[in-house]
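First comes the structure, then the notes that go with it.
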Amino acid sequence: MDSQTSPSSSRPKRPDGITIIAGYVVIGGMALALHGLFHFPYPSSYVIFFLLLGLSLLTGWGLWEGKRWALKIYPILVLFNFIVSLIIFDRLFARLLYLIGLSSLQYMSEPHVQRFFGMKTKPTNSDTPSPYTTTNPYTGKTPEDLKSELKKLEENLQWLESQKEKGIIADDMYAQLKTEYTQKIEEIKKRLSH
């Protein structure tokens with residue numbers, strides 16, 4: 001299930017993973033900055049920790065809001081956090097934070113996440129099953145063939161609904177495909193009733 005809807009009706013809802021990552025960035029940045037401020041009483045180190053805090057808050061907000069620039073800043077923040085973590089924590093903990101950061105970067109390359117940030121992605125065959133065939137779908141088909149095609153279209157419609165619930169498909173694409181699938185299903189049902 002997804003989080004809040006975006007202000008733009010054409011942008012998909014915020015993926016749950018982005019909600020988690022944005023929270024992680026803000027809370028993690030605050031914790032790292034506070035830890036550094038209390039354990040490094042050097043005024044020159046305060047600049048680094050306030051920079052880290054500001055960058056974390058800004059990036060967390062940008063991710064939450066689906067700002068493209070946040071996708072560009074986030075890898076820098078992951079690297080910066082890793083370096084700071086190496087300095088103030090043990091290496092095992094720093095590596096753990098780095099692995100979390102790398103995993104989240106991999107997640108951010110997913111097509112549904114890219115679409116949330118307003119980036120165009122190339123559709124693949126696995127993204128959206130096509131309701132179209134290259135020839136007339138009824139030519140030479142037996143009632144059994146039509147029933148089989150009807151079952152596939154109904155399964156595709158269920159799949160489409162599940163993708164909509166997950167926020168993976170944009171509202172306009174969902175509406176268009178749902179209309180097309182529903183029309184094809186009704187045509188086949190009408191054909192079978194004759």
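The values are calculated or read from the model by the stated rules, or taken from the named source; none is laboratory data. Note that the coordinates shown come from a computational prediction; the quantities given were computed from them, not determined experimentally. Note that we place each Cβ from the backbone using ideal geometry, even for glycine, and neighbour counts take in every protein chain shown.
Structure summary
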quantity: Sole residue being over 30 Å from I18 (Cβ atoms) and at pLDDT below 75, chosen from T135, T121, T142; calculated: T135
quantity: Selection from region 55-73 of residues that are under 12 Å from G28 (Cβ atoms) and not β-branched (V, I, T); calculated: L55, S56, L57, G60
quantity: Region 67-125 - residue that is among the basic types (K, R) and part of a helix (DSSP H, G or I) and, of those, farthest from G54 (Cα to Cα); calculated: R115
